[in-house]
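Throughout, read-outs are computed from the coordinates displayed, never taken from laboratory work. Just so you know, these numbers come straight off a predicted model, no measurement behind them. Here Cβ is always computed from backbone atoms with ideal geometry, including for glycine, and neighbour counts include all displayed protein chains.
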Amino acid sequence: MSDQVWQLAPDVRIASDAHHSFLVRDAPLHIFKISPSVLPLLRACIPGTTVENALESARQLGDGVAAAVLHRLEDAGLVARVGQPDDAALPAISIVIPVRNRPQAIVRCLASLNRLHYPKTRLDIIVVDDASTDETPAAVYAFGGEIPLELVTITKHRGQASCRNVAAERARGEILAFIDSDCEAAPDWLMKLVPEFFDEDTVAVGGGVWPLEERHWLQRYEAVRSPLHQGPARAIVRPGTAVSYLAACNLLVRRRPFLAAGGFVIDRGEEVDLLWRFCAQKLTVRYQPTGIVYHDHRFRLGEFVNRRTFYAGSEPILLRRHPGNVRPLNLPLGLVLALALGMLVTISRAWLLLPALLLPILAELGLTWRRWLTSGAPIRRWVMVRATGNRYVSAAYFSAANLVRYYTVPLVLLSLVAGAIWSPARWLLLLVAACFLAVAAADWWRLRPRLHPGAFIAGHVLDTVAYHIGILAACIRQRTVRPLQMRIRIVT
């Protein structure tokens, strides 16, 4: 039996009329139409009930269908499991740590693992020393802890991906838990992530990556903008979505599918490649931010820049292996038409026509409202207007973010060359600068870092420029322009 319960999220409600029932969240807007057979299952989740009792409330659905409904709603953030599973339901886990020349860091990492709230009899640790040239192997060997520990020594430097594969071959656990030597695990790390595997379709799950310290301003910047951390919301991991990958420093994978897939097969972006291969096989990968490890983020300026360019260098490799995973950009039709009208007004300098830019947006708003009315969904008008506005703001944000991250140098060169022939082209420079500042300011506003706005914007610009240079350098090395491609989709 399990002590876990299903509960509706605090800001979610069940709304019903004579004909329909809906599960509704106003911000961000989510509406699920509920069939009569599912309604008893969700009503049982209002006060909270055991998983078994919640499933019992929908006997006519069958346990498989009822569980699938709850998992789907959980992925959307509308219901959640709370509480801890029984120890008897917990799988055996092999924790894998690659390390090279980090004697103090590996000891801190091992010490954090010995504080885990997880049955020690179901854990073992495999440390793979990647040809260290200092006292790292001795530090691991001398470490005394409650969890069985095996040290595997490699005499020739092979890289983290290869080290993890070596450990996976030797592991005994049903689950492989990857963590890096410069990380420390929160005591409930595994207890937060392992319940995701109670859904048999789940092959991998990753958690939040937070800074080990926030003394330096770059560490505070990384607390909210590190590419290792995927934000505060639980999500399904898929290419082209808000959470398109997970970091290998906080990743749990079922051992058999990992070995069947060949493990990690590239040296840069190896975890992204593995998860994209799982996704291509229609296997489920989940992100659960409450399962936390703390990473020792680099705060020296040179290390920060080098790390960003290193991450950027993986994009051409990944897109060569997964050519279908080109970056998507969804643009509302009304926004596209408004931008087109804006360009015509600017070229013709017919400034009196500027108010006409609102017409496509108002037309789309009207069509959206009509759809909601005909659907019977219980939604207030101001909620629909706000959701539509958020969609436009989101599209503008991602357009600007993609522009500065991938196209800054080409646009600057274009403005300089074309500006010599056609003076309005020089406005591209102003557009690029405005996008840099707008995206940085928007991120500061939505992420609310413990950092002065000026320092955050400086870090944001440095981050973006470093990644952009890394992208261009990688494209030249790999002789490809795939990272600069984008799949634009007009949506209504």
So is Trp189 touching a residue at least 60 places away in the same chain (Cβ under 8 Å), touching a helix residue (DSSP H, G or I) at 6+ places or on another chain (Cβ under 8 Å) and not β-branched (Val, Ile, Thr) or not? no
Looking only at the stretch 228-286, count every residue that is within 18 Å of Trp189 (Cα to Cα) and either aromatic (Phe, Trp, Tyr) or in contact with a strand residue (DSSP E or B) (Cβ under 6 Å, 6 or more places away or on another chain) (or both) and tell me the total. 17
Condition set farther than 20 Å from Ala466 by Cβ and not aliphatic (A, V, I, L, M), scope the stretch 424-452, selection farthest from the chain's Cα centre (by Cα): answer is Pro424
Residues (over 17 Å from the mean Cα position of the chain (by Cα) and either of a type in the set (Phe, Trp, Tyr) or over 30 Å from Val79 (Cβ atoms) (or both)) located in the stretch 273-307: Asp296, His297, Arg298, Phe299, Arg300, Leu301, Gly302, Glu303, Phe304, Val305, Asn306, Arg307
Which residue out of Ala400, Ala442, Ala466 is more than 27 Å from Glu214 (Cβ to Cβ) and in contact (Cβ under 8 Å) with a residue 12 or more places away in the chain? Ala400
Starting from residues that are of a type in the set (S, T, N, Q) and part of a helix (DSSP H, G or I), keep the ones in the stretch 108-158 and report whichever is nearest to the chain's Cα centre (by Cα). Ser112
Residue among Ser181, Ser132 that is touching a strand residue (DSSP E or B) at 6+ places or on another chain (Cβ under 8 Å) and closer than 21 Å to Asn250 by Cβ: Ser181
Filtered residues of the stretch 342-353 (kept if farther than 17 Å from Tyr392 by Cβ and touching a residue at least 12 places away in the same chain (Cβ under 8 Å)): Val345, Thr346, Ile347, Leu353
Residues that are surrounded by fewer than 16 Cβ atoms within 10 Å (Cβ to Cβ), more than 19 Å from Arg268 (Cβ to Cβ) and small (Gly, Ala, Ser): does the stretch 168-176 have at least one? no
Return the residue satisfying two criteria in turn: it lies in the stretch 431-474 and is in contact with a Pro (Cβ under 8 Å, 6 or more places away or on another chain) and farther than 12 Å from Val404 by Cβ, and of such residues it is surrounded by the fewest Cβ atoms within 10 Å (Cβ to Cβ). Ala441
Residue count for the stretch 266-283, restricted to those that are within 10 Å of Ser314 (Cα to Cα), crowded, with 21+ Cβ neighbours inside 10 Å and touching a Gly at 6+ places or on another chain (Cβ under 9 Å): 2
Residue ID - farthest from the chain's Cα centre (by Cα), chosen from residues in the stretch 242-265 that are within 30 Å of Ala395 (Cβ to Cβ) and surrounded by 21 or more Cβ atoms within 10 Å (Cβ to Cβ): Ala247
Can you pull out every residue in the stretch 475-485 that is surrounded by 14 or more Cβ atoms within 10 Å (Cβ to Cβ) and not in a helix (DSSP H, G or I)? Thr480
